[in-house]
1. Give the residues of region 65-90 that are surrounded by 13 or more Cβ atoms within 10 Å (Cβ to Cβ) and among the aromatic types (Phe, Trp, Tyr), sorted by residue number.
2. If you check every pair at least six apart or on different chains, which have Cβ atoms under 8 Å apart with a residue in region 412-438 that is of a type in the set (Ser, Thr, Tyr) first and a residue that is outside any loop (DSSP other than H, G, I, E, B) second?
3. Residues of region 224-254 being open to solvent by less than 10 Å² (accessible area, probe 1.4 Å) and touching an Asp or Glu at 6+ places or on another chain (Cβ under 8 Å), which ones?
4. Can you pull out every residue in region 192-223 that is open to solvent by less than 40 Å² (accessible area, probe 1.4 Å) and assigned to a loop (DSSP other than H, G, I, E, B)?
5. Provide a single number: the residues in region 479-509 that are closer than 20 Å to residue 42 by Cα, open to solvent by less than 50 Å² (accessible area, probe 1.4 Å) and in a helix (DSSP H, G or I).
6. From the list 521, 492, pick out the single residue that is within 26 Å of residue 451 (Cα to Cα) and either in contact with a Pro (Cβ under 6 Å, 6 or more places away or on another chain) or among the hydroxyl-bearing types (Ser, Thr, Tyr) (or both).
7. Scan region 456-468 for residues that are out of contact with any helix residue (DSSP H, G or I) (no Cβ under 6 Å at 6 or more places or on another chain) and not in a helix (DSSP H, G or I) and report the count.
Amino acid sequence: QFPCGRRLPCDIYWHGVSFHDNDIFSGQVNKFPGMTEMVRKITLSRAVRTMQYLFPLEYNFYPRSWILPDESSFFEKEIRMMKDRDPSWKPTFIVKPDGGCQGDGIYLIKDPSDIRLTGGLQSRPAVVQEYICKPLLVDKLKFDIRLYVLLKSLEPLEIYIAKDGLSRFCTEPYQEPTLKNLHQVFMHLTNYSLNIHSGNFIHSDNANTGSKRTFSSILCRLSSKGVDVKKVWSDIISLVIKTIIALTPELKVYYQSDIPAGKPGPTCFQILGFDILLMKNLKPMLLEVNANPSMRIEHEKELSPGVFENVPSPVDEEVKVAVIRDTLRLVDPQKQKKKDVHAVCFLQLKKKKKKNFPNYSIESYKCHVIKYGLFLCCRSQTLEHVSGAKEELLDAGPPARLAHDVSTTTEAALPSPCLKQVFPKYAKQFNYLRLVDRVAALFIRFLGVKGTTKLGPTGFRTFIRNCKLSNSNFSMASVDILYIDITRRWNSMGIDHKESGMCWQAFVEAFFFLAQKKYKSLPLPEQVASLIDFCEYHLAVLDEKRLVCGRG
C-alpha cells in the first residue's frame, strides 16, 4: 500500500476509489478516468436516455426517469397528463439522490407533490423513477442481483461478465406499495447496507439460504420450476452490453482528458457492479451501476453491545474472490510479455534455421525450441528488452523444460475462469447501437486543447465548417446562435462550471438537431447515422488533402 502514491513504475496500479494519479505513465490502472462521474444516477440516466431516443425498444430495460430539479415541472405535468388519460393508473415513484449510495436518502412517493424539499433539491439533485411494483419474489421476498462486470478495454471495447453474482434480499415480505407501507424500507429496498440492520436479516453459510445468496442458487431454483434460465442470462448479458455501449461515448471524452492520445500513459480496466432487478415476467431491469462495488468478504457481527467482530462470509468469498482472481489473470502483464517473447524466439529461430526449420505454427514452436537446443528465459523483461537481446540467443543444450511451462502449470492449477467474454464475442449483434461512439469521435477531434472536456465556440465553428454543414439556409450566424443557446441551457443545469464551453451532452443535442434539420424525412436513428457518414466523409477528404499537401 502506498497512501501517498508511488513514483517507481508498476505493472498494475489498484486504486481504492477513482483514477487520480497523473504521474502514471505506463502499466495498467484498475480505474477509468471519469467512471465515477459516469455512473452517478443523473449521468447514467442521461446516457441511457440518449440511447432511448435512438433505440427505444432496445433500451426499455431502464425505468422511466426524470432529473430533479431541472425537470421538476415537466415531471409534474407529464404525470398529471398520464393520470388524466387513465384515471385508474396509480403509480409509485422512487426518489434517488444523485450522489447517494448504500440506500442513503432513497424514498418512495405516490405523487410528484410528495417530493421532499429538505435541504433543497438545488443542493442535492436527484433522479425520480417509476417504481417497479411487480418484482419476481423468492420466499415472498423482493431481491435484486449484483453482477460483476469487467470493462477490460475501452478501445477496442472488451467486456467480461462474472458467471455468478449475489442475490440480496429484503427482510420483510413484499407487498405492492400503498400509502401505509411506502416507508417500510426493509420491504421495498434491497440494499444490503440497509437490510443488515433489520432484525430479520439472516447471515448464512449456505449459498441457497439467508438474506444474501448466490445468483446461481436462484437460477437453479427457477430452473427446477421450468424457467428458461438461458433466456434469463441472455437478456442480462444484452442489458449489460447495451448499458456499457451507452456509457462509453462520454467515458472516452473523460479518458482523452486525463490520458491524451499520443502521450505516455497507462491503460485502464475496471470492475463494475451492476444492480439488476428481475420482474415477475423475468424481464431484467437495470437499477444502477456502481463504479466501486464492495469487495469485502466478511461482515461485522456484534458480540456484545458496542463490540463487533469481522466474520467471514462464504457467499461473498465464493463470488468476489473469483472475480478479483480472474481479473488479475486477464490483465496479467506477464501473459503479454510471454506472447511477445514467444513471437521473437519463433521469428529468430526461423531466421537462423531457414534450411532445416520446418514451417511450424507459432503455437507449436516450443517443442522445436527444445529440439534445436535454443531457449530464452526472460519472464521479467519487457518487449523492448527482448528486441534488444534477440540476437543473443544462446545454444545452451536441450533444457528439461521452458520457463514458460512453470507459469502454464500454475495457470492450469487455478479454477476455471469465472469471467466470460461477451464483447467483442457478440459484437455483430450490438455494433449497430454504437452510433453515439462515432459522434464522440467527432467531438473529441474538435476539442482542440488536450485535457479539456468542453468544446469552445471556435471548435464548434470549425466542426461545422470542416464538415460542410453551413449553407444559405444555415449561416455561420445561425451556428453561433445554436451554440450559445444550447451551451447556456446545459450550463444552467449545474453541469461542471470549472471550464467554459459546450459539454458533451450539449454537443449531442446540437448534433441531433443538425441531423433532424438536414435529413427531415428519415427516422432519428437514420438521421443521426446519415449525418455521421456525411461528416466522416468530408473529414476524410480534408485529411487526404492535408496529407497530399504535406507530401508536396
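The values are calculated or read from the model by the stated rules, or taken from the named source; none is laboratory data. Everything numeric in this text was worked out from a predicted model, so none of it was measured. For neighbour counting, all protein chains shown are included, and Cβ atoms are generated from backbone atoms with ideal geometry for every residue, glycine included. Accessible surface is based on the protein model in full, side chains and every heavy atom, while ligands, DNA and RNA are left aside. Shrake-Rupley method; radii C 1.70, N 1.55, O 1.52, S 1.80 Å.
1. If the condition is that a residue be surrounded by 13 or more Cβ atoms within 10 Å (Cβ to Cβ) and among the aromatic types (Phe, Trp, Tyr), then 66, 75 are the ones that fit.
2. 426/237; 426/241
3. Selection gives 245, 248, 249.
4. 198, 201, 204, 207, 210, 211
5. Total meeting the criteria: 9.
6. When all the criteria are applied, what remains is 492.
7. 1
One line per residue, one yes/no per condition, for (1) part of a strand (DSSP E or B); (2) within 21 Å of residue 42 (Cβ to Cβ); (3) of a type in the set (Lys, Arg):
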| site | (1), (2), (3) |
| --- | --- |
| 226 | no, no, no |
| 239 | no, yes, no |
| 250 | no, yes, no |
| 309 | yes, no, no |
| 317 | no, no, no |
